[in-house]
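Below is one structure, written out as structure tokens, with a few remarks after it.
The values are calculated or read from the model by the stated rules, or taken from the named source; none is laboratory data. Bear in mind the structure is a predicted one, so any value in this text is a computation, not a measurement. All Cβ positions, even for glycine, are placed from backbone atoms using ideal geometry, and neighbour counts span all protein chains on display. Areas reflect the complete protein model, heavy atoms only, side chains present, ligands, DNA and RNA absent. Shrake-Rupley method; radii C 1.70, N 1.55, O 1.52, S 1.80 Å.
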Amino acid sequence: MSDADESQADKPAPGKKPKLHYHGHRDRLRQRFEKDLGSSFEDYELLELLLFRILPRRDTKPIAKQLIDRFGSFSQALSAPVKLLCEVDGIGPTAAMEIKIMHAAAKRYAKDTLPERPILNSWDALIDYCKSEMAFEDKEQFRLLFLDKRNKLIADEVQQIGTVDHTPVYPREVIKRCLELSATAMILVHNHPSGDPTPSNADIQMTRAIADIAKPLGITLHDHIIIAKDGHASLRALKLF
């Protein structure tokens, strides 16, 4: 086929709207997804696929790449606050709220699957869940994961919400709640809005205080995890308690 023939073939039939350049790309991406349900997709490609439904008349590939560049990963893009999402070119308040609906669905799925097996055998899933819940919060939150004797999740509760750099934590209240739930183990989680997950001296002292009260009561403190935009830290792995 000559160039002229190709040009003529690309022209829409009378009365039909021209097919935009990214429509063929969308079709190919959907076909790839059908083959392996997205297991081979890069983060930006999966995000792009979701954006098809939110922005049907836009080329979503550059927008998806901007979101990944700005927030670092697929999950972090979904968990970003509406205000920050709207700073990305192509994302307005309506699109940002649609992304947050997807985020809420992803969080619900992650939370529902956590109790299905022992938490300690699902560590990566736990970290992903905590990041999606807390990494982009602008205030510190102190979260408690209460476990039974098989280390399965009994309850996941936010006990305190503080300021940008401090959350008041009362060790005796933590232990009291453990006893109320008949929990035999727990994991502490809190976020650092600064983005740096490095434990502070106050974090270390509070963790040790809770561990000291819990041990004589037969309650195991498995870990204290600090979540931040730039990563996470485990006080157990750092041998800080």
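General remarks:
- Scanning segment 147-163 for residues that are open to solvent by 90 Å² or more (accessible area, probe 1.4 Å) and either at pLDDT 95 or above or part of a loop (DSSP other than H, G, I, E, B) (or both) yields K149, R150.
- If you check A183, A209, A202 for being loosely packed, with under 13 Cβ neighbours inside 10 Å, small (G, A, S) and on the phi < 0 side of the Ramachandran plot, only one passes: A202.
- Residue, nearest to N151 (Cα to Cα), within segment 195-236, restricted to residues that are assigned to a helix (DSSP H, G or I) and not hydrophobic (A, V, I, L, M, F, W, C): K215
Yes/no per residue for (1) closer than 28 Å to H222 by Cβ; (2) assigned by the TED database to the domain that holds L153:
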| residue | (1), (2) |
| --- | --- |
| S79 | yes, no |
| P93 | no, no |
| I99 | no, no |
| H103 | yes, no |
| A106 | yes, no |
| W123 | yes, yes |
| I127 | yes, yes |
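- Residue among K229, K176, K239 that is surrounded by fewer than 16 Cβ atoms within 10 Å (Cβ to Cβ) and closer than 19 Å to W123 by Cα: K239
- From the list A95, A125, A80, the lone residue that is open to solvent by less than 60 Å² (accessible area, probe 1.4 Å) and without any contact (Cβ under 8 Å) to a residue 40 or more places away in the chain is A125.
- Set F136, F142: member being touching a strand residue (DSSP E or B) at 6+ places or on another chain (Cβ under 7 Å), on the phi < 0 side of the Ramachandran plot and open to solvent by less than 50 Å² (accessible area, probe 1.4 Å): F142
- Leading residue by the ranking (nearest to L55 (Cα to Cα)) among those in segment 98-122 that are open to solvent by 50 Å² or more (accessible area, probe 1.4 Å) and touching a residue at least 40 places away in the same chain (Cβ under 8 Å): E98
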